Amino acid sequence: MYCPHCGNPNPGTATFCMSCGQNLKSEAGQQQTTQDQTKRAIHGLSSSDVRTDTKAVLSLVFGILSVTILWVLAGIPAVVLGHMSRSSIRKSVGELKGEGMALAGLIMGYISVATIPVILILATMAIPSLLRARQVAQESLAVAQLGRINTAQVTYPANHGVYGTIPQLVADGLLDGRFTGTIAGYMYFVKAEGNDYLATATPISPNAGRYGFMSTSDAVIRYQTSASDTCTPCFPAGQAGAQWTKQLVP
């Protein structure tokens, strides 16, 4: 007896299909079984000719992968192969089986595809927050690094009589070599002139930080939102202070 649902052969005394659990004794099931047997007889097919559709197996495999490790990369093939397999099985007059596997692959594939809008919504909410958190962290680090430069400028004149530039402070071991490049999205520059200096921390891009920072020999760190102005700040300190908003740092 062939199951009218999946086409799997079962013993004649079976009540339920051993493959999909379909009730074989229902009137509709018996009628469908009789029709399938008639079709197989017309086409000269025997029970040994019944085989599992390869597309059904692949749909099941891709469906399992879609809800485990490959997500939508396997979910889409699972859906496509599942529909193709179910269509082939219906047209095979009982020669193909595996509709249950194809259905399982379809369900898992659709579940994985349905999560795409959810992931996109979560990403839309999370990414701006992550970018802002990174900006704040890099801005805080820039303020701390200017504080290190101010500390170094207290020591350097004791040995040389004048304030030093970043290469000079690095050469004396008062700063590490990172200050000659980029640190967490900020570039640092020190201009020493006479009895004063101007130290700046400039973001390399708008995503790196919202503010540029500067400090002079008064050790007060100021900020400004215009990146173009932070690249060419006014000098000496008396003029710079008028162009920058004072930012008190503990």
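For the stretch 177-200, the criterion of being under 30 Å from PRO128 (Cβ atoms) and basic (Lys, Arg) is met by at least one residue.
Just name the residue that is surrounded by the fewest Cβ atoms within 10 Å (Cβ to Cβ) out of those in the stretch 80-103 that are charged (D, E, K, R) and touching a residue at least 40 places away in the same chain (Cβ under 8 Å). It comes out as GLU95.
Residue-by-condition table, conditions (1) under 30 Å from LEU65 (Cβ atoms); (2) without any contact (Cβ under 8 Å) to a residue 24 or more places away in the chain; (3) β-branched (Val, Ile, Thr):
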residue	(1), (2), (3)
ALA144	no, yes, no
TYR188	no, no, no
THR202	no, no, yes
GLY209	no, no, no
PHE213	no, no, no
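Only one entry of LEU106, LEU120, LEU146 meets the criterion of being crowded, with 20+ Cβ neighbours inside 10 Å and either within 21 Å of the chain's Cα centre (by Cα) or more than 30 Å from SER205 (Cβ to Cβ) (or both), and that entry is LEU106. If you go through the stretch 193-212 and keep only what is under 32 Å from the mean Cα position of the chain (by Cα) and surrounded by 15 or more Cβ atoms within 10 Å (Cβ to Cβ), you end up with ALA201, THR202, PRO203, ALA208, GLY209, ARG210, TYR211, GLY212.
With respect to PRO233, is the statement that it is at pLDDT 85 or above and surrounded by 12 or more Cβ atoms within 10 Å (Cβ to Cβ) true? Working first, answer last.
On the way: at pLDDT 85 or above: no; surrounded by 12 or more Cβ atoms within 10 Å (Cβ to Cβ): yes.
Spelling it out, it is not the case that PRO233 is at pLDDT 85 or above and surrounded by 12 or more Cβ atoms within 10 Å (Cβ to Cβ).
Within the stretch 62-96, the residues that satisfy the criterion of being assigned to a helix (DSSP H, G or I) and not hydrophobic (A, V, I, L, M, F, W, C) are GLY63, SER66, GLY75, PRO77, GLY82, HIS83, SER85, ARG86, SER87, SER88, ARG90, LYS91.
The values are calculated or read from the model by the stated rules, or taken from the named source; none is laboratory data. A quick note: this is a predicted structure, and the numbers were derived from the prediction, not measured. Don't worry about glycine lacking a Cβ; one is built from the backbone with ideal geometry, like all the others, and counts go over all protein chains shown.
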